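Engineer: Have a look at this one before I ask anything.
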Amino acid sequence: MEFLGTTQVASYCGTKKRCLFPDPAPTSTTKDSYQSYYLPGYRHLSSWRPSLLHKVISVPPSSDEPYNLTGRPPTVLPTLRSALHARYSTRDWHHANMVQLKGSETSRYWAGRLNTDSVRLMQDKDQLTYQMQEDSRRNLGERISNIDFWRSELVYELECLLRETQALETAKKRLECAADEIQGPLKTALECLYYREKRKGIDLVHDDVEKNLIKEVDVFKDCQEILAKLAQRINHQLGINRDAQHALEQDLSDKNSAHFIDEKCFNLRNTSDSINFYHGVEKVDGTVSVPVTWAKFSEDNIRCSQHARANSVKLREDTEVGLESTSEEMWNQFVSTNLAFNNRIAEVADAKNKLQAQLAKVLQEIFQTEDTIMLLERSIMAKEYPLKVAQTRLETRTKRPNIELCRDEPQYQLVTEVYTIDDTLQTLKKRLQEARDTLQMLLANKSKLEHDISVKANSFFIDKKCMDMRKTFPSTPRLIGY
């Protein structure tokens, strides 16, 4: 059997041949057998149905005379003769039958070819449709596998990022705890400086203790500043981590939605209840990416998260180093300040002890000086009577008459005695004044010693109180935030 072309452009019959009689009108059986069915979205093709039958030509009747195909006179005559002339001949009858049979055979032939070609076409299209559906299902399966791969990668990276973010938040809390722990020693150091301002006199000195306390305050403030800067960096990094986490969660949510949709599409069958016609959906292209950009989007999100995790790990290492270095530096300075305090307390105690010993000696000397003054006063009083006697003798002897006023030995002796006793009195009075001056000096020295001792006692008390305040200092684990 010869096939004349494809379905939509095939012409299943050749050139129409003119028959003697008009072609019969198509029957209802032929018309109903080739009802065309069009797929949604396709145009109507008028060339699909072969034109097997000819249309019957109708000629409108004339109002003047009846239409006569053979040229014979009208069949209706009053006489029988004219009626016989109106009948067809036997030859015409056989010819009409032969034409009808040939036309029927031709129709059956072309109908058979159409049926055979239609069956073959349906088989080919069924096979093509099945293959296309299998290819689509396989592509959906591969797409689901790709989504599963990237989804697992996103889940793993998200878990790592969440763990790193949690570790970074723990490091931030440690920084805050360490900064809070520094506040106590800093307040103690400042109070020690304020207390030491109550020292008096010469003890109000810029000694090693004060230098170490000032340095300690500076160290504590510098450590607080370092920890605060690290906390600010951690806050910034936490924001970056949250952005990366949000991108991963959004991408993972989209992947889950896409996986659910594609799995639903993968499980659709021709017998599913949820299938329906959606006219024109194949013409709508709402895609925003291609497989390369689709994979690159998730890869960029993962790379961004990995970069954020690397920065977070580096920042946590810097935080650990900063905590350890600040803790060690604060401990060293605290120990150095305490050592300076101990040395200063020892110095003040030694000076106070020496002053107290010297005060004891001064008191003893004052006692002896007072005894000396008392003896000098008694000695001066004792010399007054001999002087009175000598002067009285001289004055009495001046009453001797005339020549009896002789400068004799007694006269010389009495004059010498008066001068000697007077010189002795002047010497003793001078020594008494010196003793009294020495006593005043000793008393002033005693007052100064007592004042210095009180100053040293005050300084000693202040430093001891400062040391009592500094007995408690945060341990190393607390200084590093634990």
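The values are calculated or read from the model by the stated rules, or taken from the named source; none is laboratory data. If you're wondering where the values come from, they're calculated on a predicted model, not measured in any experiment. We place every Cβ from the backbone using ideal geometry, glycine too, and count neighbours over all the protein chains shown. Remember, those area values only see protein heavy atoms, side chains included, never the ligands or the DNA or RNA. Shrake-Rupley method; radii C 1.70, N 1.55, O 1.52, S 1.80 Å.
Engineer: Need one number: convex hull volume per residue for segment 346-480, Cα atoms only, in Å³. Could the numbers behind the result be given before it?
Structural biologist: Numbers: hull volume 12.3 nm³, N = 135.
Given the Cα convex hull of segment 346-480, per-residue volume reads 91 Å³.
Engineer: Set the Förster radius R0 to 56 Å, insert the Cβ-Cβ distance between Gln411 and Asn353 as r into 1/(1 + (r/R0)^6), and round the FRET efficiency to 0.05. Kindly include the intermediate steps, with their values, before the conclusion.
Structural biologist: Values: r = 65 Å, r/R0 = 1.16.
In this case the efficiency is close to 0.30.
Engineer: Packing-wise, with mean Cβ within 10 Å as the measure, how do 228-236, 402-410 rank, highest first?
Structural biologist: Details: 228-236: 15.9, 402-410: 9.1.
By packing density, highest mean first, the sequence is 228-236, 402-410.
Engineer: Okay, moving on. Taking the alpha-carbon set of segment 77-203, what are its Rg and Dmax in Å?
Structural biologist: 53.2, 175
Engineer: Measure off, as a whole percent, the carbon and sulfur share of the 1.4 Å-probe accessible area of segment 304-389, all protein chains present.
Structural biologist: Its accessible area is 57 percent carbon and sulfur atoms.
Engineer: While we're on this one: At a 1.4 Å probe, what is the % contribution of carbon and sulfur to the accessible area of segment 401-482?
Structural biologist: Its accessible area is 55 percent carbon and sulfur atoms.
Engineer: While we're here: Output the direction-averaged projected area (hull surface divided by four) of the convex hull of the alpha-carbon atoms of segment 406-449, in nm².
Structural biologist: In nm², the orientation-averaged hull projection of segment 406-449 is 2.6.
Engineer: Same structure, new question: If one computes P(r) from the Cα atoms of segment 278-357, what percent of pairs lie at distances over 18 Å?
Structural biologist: Every Cα pair in segment 278-357 considered, those over 18 Å come to 75 percent.
Engineer: Have a look at Thr416, Val348, Ala360 and report the one farthest towards the positive end of the charge dipole of segment 346-480, computed about the Cα centre with Cβ charges (Lys/Arg +1, Asp/Glu -1).
Structural biologist: Val348
Engineer: Past 24 Å, Cα to Cα: identify those pairs from Lys215/Lys471; Lys187/Lys211; Lys399/Lys429; Lys211/Lys464; Lys361/Lys383; Lys211/Lys354, in the order given.
Structural biologist: Over 24 Å apart, Cα to Cα: Lys399/Lys429; Lys361/Lys383; Lys211/Lys354.
Engineer: OK, next. How much area per residue is accessible in segment 346-480 when the probe is 1.4 Å and only protein heavy atoms are counted (Å²)?
Structural biologist: 67
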